[in-house]
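Where a number appears in this text, it was derived from the coordinates with a stated rule and is not lab data. The shown structure was predicted, so the numbers you read here are calculated from the model rather than taken from an experiment. Cβ coordinates were reconstructed from backbone atoms using ideal geometry, including for glycine residues, and neighbour counts include every protein chain displayed.
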Amino acid sequence: MTALQYRFTDLRRLVDDTHAIFDAWIEDVSEGGSVSGDALTLLRLKLAVHEWMANLVQHARFAGPPVVALQVLSLPSGEVECRIEDNSEGFNLDAALDARRHALHALPERGMGLLILHACSKDLRYVQASLPPSHTLVFVVAAPDEDIFLDVLF
Amino acid sequence: MQLAAMSFVAEPVGPGVAVVRIGKALNFSNAAEFKACCQQQQAERGVHSFILDFTDTGVLDSTGLGTIFSIYRQVTPQAGQVVFASVSRPVQVVVQLTRTYKVFRQFATVEEAQEALG
């Protein structure tokens, strides 16, 4: 079941617009509204999505006008899956994660964003879509009872 | 008197201690301003300890946290501290995820932090 589906074309507003969507969702859940979800799951999802959107804004190379599509799905298992498609040139996410794991020193100033995204998620992958230039980030949000953490900072 | 660096305001609350109101977000778009604000306090006021007020903060991202680490590394040689106060739920998620509660003491309110650092 699709819980959220949005399309963005203005990178300058991408992060703020994403926050507004999640803040409204979290507020609705916190107030016992009609939208389904667990507050901690949504906060982890918001953080993970923020880190990815920030990465796109700061580092992605787009050959044409940028398009970013966000889709959040409620899985039958009760878990939440997130899919973010973009038309950037893409990059090797696994290699970037490995590089950061090996390069980070204690209390780093930069380089934690993708690791935070990884820690908030499982089954994380960034794959080329059937119609290039298009890539899709896919992940399932870590469940609320999972004690997630980064083990590389100290 | 308060010193402001762009969107951040630092309020001296005691000898060498200042409160920085983080506001809605500390992230990649304003982390440099936050760092400049803290460094200005260090240089012009001799501030060595910072109380970060996260009351209204909806976003603390990796860049924001990294900048706090940077300030922490700058003040610790001067026996300074960085502490968190009134930590909002979104910030608490980051603190738990990164285990930074091992580095930054947390206080329920700014006033409690002031008493501890006073």
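Show that you can apply the helix-only estimate: for the protein assembly as shown, add -39,500 (n - 2.57) for every DSSP H stretch of four or more residues, divide by all residues, and state [θ] at 222 nm to the nearest 500. Display every interim value, and only then the final one.
Details: 8 runs with 106 residues, N = 272.
Theoretical 222 nm ellipticity from helices: -12500 deg cm²/dmol.
With only alpha-carbon atoms counted, please give the Rg and Dmax of the protein assembly as shown, in Å.
19.2, 62
For chain A, what is the Kirkwood estimate of the hydrodynamic radius, computed as the reciprocal of the mean inverse distance between distinct Cα atoms, to one decimal in Å?
16.2
Straight-line reach from B:Lys24: which lysines fall under 21 Å, measuring Cα to Cα and dropping same-chain residues less than 8 apart?
Correct list for B:Lys24: A:Lys46, B:Lys35.
Can you give the Rg to Rh ratio of chain B, both from alpha-carbon atoms, with Rh computed by the Kirkwood formula?
My calculation puts Rg/Rh at 0.92.
DSSP loop (so not H, G, I, E, B), at most 11 other Cβ within 10 Å: list which GluC sites (Glu not before Pro) in the stretch A:16-79 pass both filters.
Of the GluC sites (Glu not before Pro), the ones in loops of the stretch A:16-79 whose Cβ has at most 11 other Cβ atoms within 10 Å are A:Glu31.
Could you work out the mean count of beta carbons from other protein chains within 10 Å of each residue's beta carbon in B:57-70?
On the way: counts 0, 7, 9, 2, 9, 16, 8, 0, 7, 7, 2, 2, 7, 4.
The per-residue average across the peptide is 6.
So which GluC sites (Glu not before Pro) in the stretch A:82-140 pass both tests, a DSSP loop state and at most 12 other Cβ atoms within 10 Å of the Cβ?
In loop regions of the stretch A:82-140 (DSSP not H, G, I, E or B), the sparsely surrounded GluC sites (Glu not before Pro) are A:Glu89.
Please return the longest stretch of chain B lacking exposed loop sites, where trypsin sites (Lys or Arg not before Pro) count only if DSSP places them in a loop and at most 15 other Cβ atoms lie within 10 Å. Can you show the working numbers first?
Values: sites that count: B:Lys24, B:Arg99, B:Arg105.
Formally, the longest exposed-site-free interval is B:25-98.
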